[in-house]
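In what follows, a structure is listed as structure tokens, so that the remarks can point back to it.
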Amino acid sequence: MHVSFNIGSDLEAAVSGAAQAAGLEPGAFSPELRAADPRHGDFQANGVLGYAKARKLNPRAVADQVVAALPASLREHFEVGIAGPGFINFRLKPATLLAWLCTYDSAEHLKSGAAALYHGQRYVVDFSSPNTAKQLHVGHIRGMVIGEAICRLLAFCGAEVIRDNHIGDWGTQFGKLIWGYKHLRNDAALAADPLEELERIYKAADAAAKADPAVLDAVRAELVLLQSGNPENRALWDRINTLSAGAFTSIYRQLGIHFDHQLGESFYNDKVPQVYTELTAAGLAVESQGALVVFHPEHPRFKTQPFIIRKSDGAANYASTDLATMLYRTEHFRADAIAVLTDARQSDHFEQLWLTTQKWFAHTGRRLPRFEHVSFGSILGEDGKAIKTRSGDPIKLQALLAEAEERAFALVTEKSPELPEAERRDIANAVGVGAVRYADLAQNRSSDYIFSWEKILAFEGNTAPYLLYAVTRIHSIFRKAGLDPAAAMAGATPPETPEELALARKLVGFATVLNLTTAQLRPHFLCTYLYELAGEFSTFYVANKVIVDDAPVKARRLLLCARTLLVLETGLQLLGLRTLTRM
RNA sequence: GCGGUGGUAGCUCAGCCGGAUAGAGCAACGGUUUUCUAAACCGUCGGUCGUGGGUUCGAGUCCCGCCCACCGCGCCA
């Protein structure tokens, strides 16, 4: 029996076809296929309600017509019913559930099923993008974690993903850093802990510039010198970047994050003049108060709120380099889509950037890629205020991860003292880092996130430990039975008990959730799904003993276990979590 | 002032293009282990979905007004 990966989208097409065959107005009817409440079925089509209402028809009669026109083959897979005012309900037959489970039996097969979604599309994903000479702190982690998950998800769904770390290695902060380096540096401290000292220098220079306009001018002058190629400043710049790159790399390695490119702002330095020239020629950029700016007359705010692409002192800023970056990603990488991850406070900037790019490319006859600013809320302290780099004591990422691991180690030791210490350390790493990561992913990215140890390390509910535990329980079953979960499962019969059926249905829903998650680039949809899947598994696990004497029952339960394991591990890996076999 | 994001159970959050009796976790209370990992499972309790209108057969979801919180709005990124 052939069964497609995304059963829902096939069903939707079938209902559309049936409506047409039944003589409903072409183009006027949409199936409105939804995942249904399990009490009613697996899918429901609501489209006839609106259609019938608009034409003063009896909705149940219309539903009857549509159902009667469904292809006979569809009834091999679904039980079809009409309920209430005209809902059409579809319930997957156990044999179809079994067929799906037998077909999608490996990560490769799941991937090839999902690949239709973004096949042939090239995505440039810009994430992490820290500023040089500032240590990574808790405020940086969200973009890193969400960005990595998005890259993995898009690649799994067939896209060609180009990961680019757009490092802030050319901004105004270098004026402060270089001025501070020349005037405020402590050589002993720099030798002992370069990044710490550079950060201190930066903060001190920033404070001095705020306090004294003369310092501010000097800082700007250093930046102009750097950007015009002054050898001394250039050498300092180089040194500062080298020092910080090492620190970033170590964190990226810990988190399993990698990039294909690290084209920082400096890379675009020589590409900025073209932006000025073309935007001016297009009549988009104008001089205002000594700066080169772009206004958008059709926009209620951006008709007066300028997009400053060259500062009055002649220096470039991030608008300049971001425009050059859009061009480079379009022309050099031939991106079909560009996704940039930053916190939501930069929304205005990216809206202006995108408006400007559209007009610019239209004017110069360039192909326009899709663009998405993947924004996310700020990380807040327990007091509900944003954690900022220059105020208070933001938690360093290095320290955060170390503490998470330490706390996880204490818990593992408490729960599983019999395991050797080396293994407990390894488990603590996966659980601790995974918990921090998962906490950032599980919440809708558009809302702010209140950081608290209690929440990040909570081991109940929708958390990494709960999911990792479900994975280890499944491994344990196979270990006890002396079986390989990846081996073929012969002799399985279709799911029968309520728990088996609920679990099988949830597994089939993996296709839909991949669709939803990538369409909106919101990993929390996948998190919610995996949490629900793990819940269905736990319910199944306590109610249905797997290793039983009845061979067909044992085979089908082992099959369900194997597929749950496959989907959980695949899903968690897409989110960037490392899974375990014991904990 | 303009704009963005949010306001759902005591707390932290889900709720996808409008659909059938609004869901989890924590907290509180009660139960489950001679049986594959109890970091688990099951049950009870708990909600005028900020507020007032509107559209609709149907609104937590869409539209308008208002209230509250946070964020952004000319040379930081």
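Of note:
- Inspection of region A:545-560 finds no residue satisfying the criterion of being among the β-branched types (Val, Ile, Thr) and not assigned by TED's automatic domain parsing to the domain that holds A:Glu405.
- Members of region A:291-312 found to be within 14 Å of A:Phe350 (Cα to Cα) and in contact with a strand residue (DSSP E or B) (Cβ under 6 Å, 6 or more places away or on another chain), listed by number: A:Val294, A:Pro306, A:Phe307, A:Ile308, A:Ile309
- Contact annotation: no residue pair with Cβ atoms under 9 Å, 6 or more positions apart or on different chains, pairs a residue in region A:146-160 that is in the same structural domain as A:Leu526 (by TED's automatic domain parsing) and open to solvent by 10 Å² or more (accessible area, probe 1.4 Å) with a partner that is part of a helix (DSSP H, G or I) and at pLDDT 95 or above.
- Here the helices (runs of 4 or more DSSP H) wholly within region A:494-561 that include at least 3 residues being aromatic (Phe, Trp, Tyr) and either in contact with a strand residue (DSSP E or B) (Cβ under 7 Å, 6 or more places away or on another chain) or within 11 Å of RNA strand B (Cβ to nearest atom) (or both) are A:524-543.
- Inter-residue pairs, beta-carbon under 6 Å, first without any contact (Cβ under 8 Å) to a residue 12 or more places away in the chain and in region A:554-583, second open to solvent by 30 Å² or more (accessible area, probe 1.4 Å), 6+ apart: A:Lys554/A:Val548
- Residue within region A:315-326 that is under 22 Å from A:Val124 (Cβ atoms), of a type outside the set (Ser, Thr, Tyr) and away from RNA strand B (no atom under 14 Å from the Cβ) present: yes
- Taking the listed residues A:Arg234, A:Arg200, the one that is under 22 Å from A:Leu397 (Cα atoms) and open to solvent by 70 Å² or more (accessible area, probe 1.4 Å) is A:Arg200, with no other qualifying.
- Counted residues, region A:161-186 - those being more than 9 Å from RNA strand B (Cβ to nearest atom) and open to solvent by less than 10 Å² (accessible area, probe 1.4 Å): 5
- Qualifying residue in region A:331-354 (condition: among the charged types (D, E, K, R) and either over 29 Å from the mean Cα position of the chain (by Cα) or crowded, with 19+ Cβ neighbours inside 10 Å (or both)): no
- So A:Pro465, is it open to solvent by 30 Å² or more (accessible area, probe 1.4 Å) and out of contact with any Asp or Glu (no Cβ under 8 Å at 6 or more places or on another chain): no
- For region A:474-493, the candidate set comprises residues that are buried (at least 17 other Cβ atoms within 10 Å of the Cβ) and within 10 Å of RNA strand B (Cβ to nearest atom); within that set, the residue that is nearest to A:Gly535 (Cα to Cα) is A:Ile474.
- Per this entry, A:Leu11 is not counted among residues that are surrounded by 17 or more Cβ atoms within 10 Å (Cβ to Cβ) and touching a Ser or Thr at 6+ places or on another chain (Cβ under 9 Å).
- Scope region A:276-292; condition surrounded by 19 or more Cβ atoms within 10 Å (Cβ to Cβ) and touching a residue at least 60 places away in the same chain (Cβ under 8 Å); matching residues: A:Leu279, A:Leu284
- Some residue of region A:434-450 being open to solvent by less than 10 Å² (accessible area, probe 1.4 Å), near RNA strand B (Cβ under 6 Å from one of its atoms) and part of a helix (DSSP H, G or I): no
- Number of residues in region A:570-583 that are open to solvent by 40 Å² or more (accessible area, probe 1.4 Å) and outside any loop (DSSP other than H, G, I, E, B) equals 1.
- Applying the condition of being of a type in the set (Asp, Glu) and open to solvent by 80 Å² or more (accessible area, probe 1.4 Å) to region A:35-78 and asking which residue is farthest from A:Ala99 (Cα to Cα) yields A:Asp64.
- Restricting region A:293-313 to residues that are more than 9 Å from RNA strand B (Cβ to nearest atom) and open to solvent by 10 Å² or more (accessible area, probe 1.4 Å) leaves a set whose member that is nearest to A:Glu372 (Cα to Cα) is A:His299.
- Wholly within region A:43-158, strands (runs of 3 or more DSSP E) carrying at least 2 residues that are under 18 Å from the mean Cα position of the chain (by Cα): A:122-126
- Flag for A:Asp193 being over 33 Å from the mean Cα position of the chain (by Cα), surrounded by fewer than 20 Cβ atoms within 10 Å (Cβ to Cβ), of a type in the set (D, E, K, R) and within 30 Å of A:Val145 (Cβ to Cβ): yes
- Region A:313-322: number of residues that are in a helix (DSSP H, G or I) and either within 24 Å of the chain's Cα centre (by Cα) or in contact (Cβ under 8 Å) with a residue 60 or more places away in the chain (or both): 3
- Close pairs from region A:344-359: first in contact (Cβ under 8 Å) with a residue 24 or more places away in the chain and among the aliphatic types (A, V, I, L, M), partner open to solvent by 60 Å² or more (accessible area, probe 1.4 Å) and within 13 Å of RNA strand B (Cβ to nearest atom), Cβ under 9 Å, at least 6 apart: A:Ala344/A:Ser446; A:Ala344/A:Asp448
- Scope region A:314-324; condition open to solvent by 10 Å² or more (accessible area, probe 1.4 Å) and of a type in the set (A, V, I, L, M); matching residues: A:Ala316
The values are calculated or read from the model by the stated rules, or taken from the named source; none is laboratory data. Model, not experiment: these values are computed from the prediction. Counting neighbours? That spans all protein chains shown, and the Cβs are built from the backbone with ideal geometry, glycine included. Calculation scope for accessible area: heavy atoms of the full protein, side chains included, ligands and nucleic acids excluded. Shrake-Rupley method; radii C 1.70, N 1.55, O 1.52, S 1.80 Å.
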